[in-house]
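Read the structure below first, then the notes.
The values are calculated or read from the model by the stated rules, or taken from the named source; none is laboratory data. Note that the structure is predicted; figures quoted are calculated from it, not measured. Cβ atoms come from the backbone with ideal geometry, glycine included; neighbour counts cover every protein chain shown. Surface accessibility is based on the protein's heavy atoms, side chains included, excluding ligands, DNA and RNA. Shrake-Rupley method; radii C 1.70, N 1.55, O 1.52, S 1.80 Å.
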Amino acid sequence: MDQTVAPAAIRAAFSAAMSAMYRAEVPLYGDLLEIVAAVNDTVLARDPDLDRQLSASGEHARLGEERHGAIRVGTAAELQLLARVFAVMGMAPVGYYDLAPAGIPVHSTAFRATDPAELAASPFRVFTSLLRLELIGDAALREQAAAILAGRRIVSEACLALVEQAEREGGLRPSQAERFVAAALETFRWQGRAIVDAATYQALLAQHRLVADIVAFPGPHINHLTPRTLDIDAAQAEMQRRGMAAKASIEGPPRRAVPILLRQTSFHALSETFVPTGGNDAPAQHTARFGEIEQRGAALTPAGRALYDRCLARAGDGEDDAFATFPDDFTALYEQGLAYAQFLPTDRPGRATSIGQALADGFVTLAPLTYEDFLPVSAAGIFRSNLGAGDAADSYAAGGSQAAFEEALGRAVLDPFVLYQAAQERSATEALARLA
Ligand code: OOG
Ligand code: NI
C-alpha cells in the first residue's frame, strides 16, 4: 500500500487530540500547561548547558508535546483491544507494575514508543491498569461486575475496523489515520453517564472507589494527562500560589543536582456529574479525574535502581539523609554503572576506536538517558491521593504476577532495562560512526 502515515505521526496527532479534549474536560489542566511552559522557559534560560543538552539529544523539541495519560480497564479482552489500538500508533507495552501491595486492586503496564528516534518524535505514553476482579471480596458483586464489563464495548466499530485495516495493510493512509485518531479518542472521553443505576454505583463504590471508576462507566475515560516540567519544585510552588489543591509532597526521589527517575505531584480529583441508568435516579457525582505534573531524570541501571530502592526504604524509615550514598554527579553515576548514558557530539574534532577513548579525548560528552517509565511506589501514591483517604485496603494478600498480566494481555511486556541498554549501545555506535 502506498503512502501510509508513520505511526509516530499518528501518535503525535493522537497526543495533541487527547490534550485538547482533556483541556476542555478539565480546565485546570490548561492552567497546568501554562505553569509548566513558563517554568520550562525559565529553567532553559537559566541553564544554557541543559538547553544545549536537550537540543543535542532531540528532547528540546518534544518537551512541550510530552504527556502521559492514565487509564484503567476491566477485562483481559479490553486490555488486548487497547494494545491493538496503541500498536497502530507505534506503542508497545513496557514494564509491569503490581499495585496490590499498596492496596489497589490493579496491575499495570505502560504503552509507549520504544526506540530513541521514535521517542524523540513523540514520547506520548499511557499508564494502563487492569482491574483484578478476583480481589473483590463480595462474590455476588464480583459476578455482577463481571457481567457488566462483559456487556460493554469500549472501542467503536469504526475504530475497530480501522485497527483491522492497519493490521492487514501494515498502516493507514492519511484520511484513515485522521478518522482513526478521532474514533480512538472517543474511547477515552468522559461521557457523563454511567452504565449502571445509582444503587449499583454505590455498591461498587463501597467495595472500592476504583472498582466503581472502572466498572460503572461506558469506557476507560482518561483520568489524568501529565505534562513534563524541568523543575517540579518551582511548578509545585506555582500551583500552590495559584491556590490549586496540590498534594503536600512530591512523589519519588528528592531534588538532586542530577535528577534521577521520576518526580511527580498532583492536585486533587474534581467532582463530576454523571447520570445513572435508573429511570428515577438523580444525577450523581463521581471523583476520579485529576491533574498531575512530572519531572523526568536519568534512567537507572538495575544496580542503580537497587541502590535507589535501598535509599527510598531508608527515607521511608525517616532517615534524614537517606540518599547520601547515591552519587549526585552524572559522570560518577555512569562510571559506577548506576545510570544509562547517551554520547553527544562536542565541537572538538577527532577519531576514536572506543567510546571510552572518545570520552577521555573530549570528542563526545556524556548525558543521561531520560527515564521513560513509571515508579510503582509513586503510582501507588498517585492512585491513593486521588481515591480519598481511607478508601484503599492496606494491601492485598494476593499480589499480582507478571505472568498473569501477560496472559491477560496476550503477549509479554518489554523489559525497560533491555530498551535502555540498547539505546545506550546505539548512541555509542552512532557517536563513533560520526567521528570516523
Ligand atoms: C495511574 C496512576 C499511575 C503515574 O504517573 O504514576 C500514574 C492511575 O491513577 O490510573 O499515572
Ligand atoms: Ni500519572
Practice problem: Using a 1.4 angstrom probe on heavy atoms only, work out the carbon and sulfur share of the accessible area of the chain in %. | Solution: 53
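With a Förster radius of 51 Å, plug the Cβ-Cβ distance of Arg241 and Asp394 into 1/(1 + (r/R0)^6) and report the FRET value to the nearest 0.05.
On the way: r = 35 Å, r/R0 = 0.69.
Efficiency at R0 = 51 Å is approximately 0.90.
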Quiz prompt | Between segment 359-418 and segment 169-233, the Cα center-to-center distance that results, in Å | solution = 20
Exercise. Keeping all protein chains in place, calculate the accessible area per residue for segment 320-421 (probe 1.4 angstrom), answer in Å².
Key: 49
Exercise. With runs of 4+ DSSP H residues as the only contributors, calculate the mean residue ellipticity of the chain at 222 nm using -39,500 (n - 2.57) per run, divided by the residue total and rounded to the nearest 500.
Key: -14500 deg cm²/dmol
Quiz item: Tell me, what is the 1.4 Å probe accessible area of Ser175, in Å² to the nearest 10?
Solution: 70
Self-check item: Spatial separation of Cα centroids for segment 61-114 and segment 264-318, in angstrom
Solution: 14
Exercise. Express in whole angstrom the spacing between the alpha-carbon centres of segment 1-37 and segment 123-144.
Key: 27
Practice problem: Please work out the FRET efficiency for the pair Arg426 and Asp47, using the Cβ-Cβ distance as r and a Förster radius of 25 Å; give the result to the nearest 0.05. | Solution: 0.40
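Where in the chain are the DSSP H helices whose alpha-carbon span along the long axis reaches 20 Å or more and whose Kyte-Doolittle mean is at least 0.5?
Working: long enough: 7-25 (26 Å, 0.45); 27-46 (30 Å, 0.76); 174-187 (21 Å, -0.01); 302-316 (21 Å, -0.23); 416-435 (29 Å, 0.00).
Sorted by number, the helices that extend far enough and score high enough are 27-46.
Just want to confirm a number: the relative contact order over the chain, from Cα pairs under 8 angstrom separated by 6+ residues, in percent. Could the numbers behind the result be given before it?
Values: 756 pairs, mean separation 88.5, N = 436.
Dividing the mean separation by the residue count of the chain yields 20 percent.
Leaving out ligands and nucleic acids, note down the accessible area per residue over segment 1-49 with a 1.4 angstrom probe, in whole Å².
Numbers: 2310 Å² over 49 residues.
Per residue, segment 1-49 has 47 Å² of solvent-accessible surface.
Please compute the per residue accessible area over segment 219-284 with all protein chains in place, 1.4 Å probe, rounded to a whole number of Å².
Values: 2500 Å² over 66 residues.
Here the per-residue accessible area is 38 Å².
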Exercise. Quickly work out the Ala436-to-Gln202 label distance, labels modelled 7 Å from Cα along the C-beta direction, and quote it in nm with one decimal.
Key: 7.3
Quiz item: Rounded to the nearest 0.05, what FRET efficiency is calculated for Thr273 and Asp321 with R0 set to 60 Å and r the Cβ-Cβ distance?
Solution: 0.80
Quiz item: What order do Thr128, Thr4 take when sorted by accessible area (1.4 Å probe), most exposed first?
Solution: Thr4, Thr128
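Treating the beta-carbon of each Lys and Arg as +1 and of each Asp and Glu as -1, no other charges, what is the dipole magnitude of segment 295-436 about its Cα centre, to the nearest 20 debye? The partial results should precede the final answer.
Details: 10 positive and 19 negative charges, 105 e Å.
Once rounded to the nearest 20, the dipole reads 500 debye.
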Quiz prompt | Difference of contour (0.36 nm per residue) and Cα-Cα distance, Ala158 to Gln402 | solution = 84.6 nm
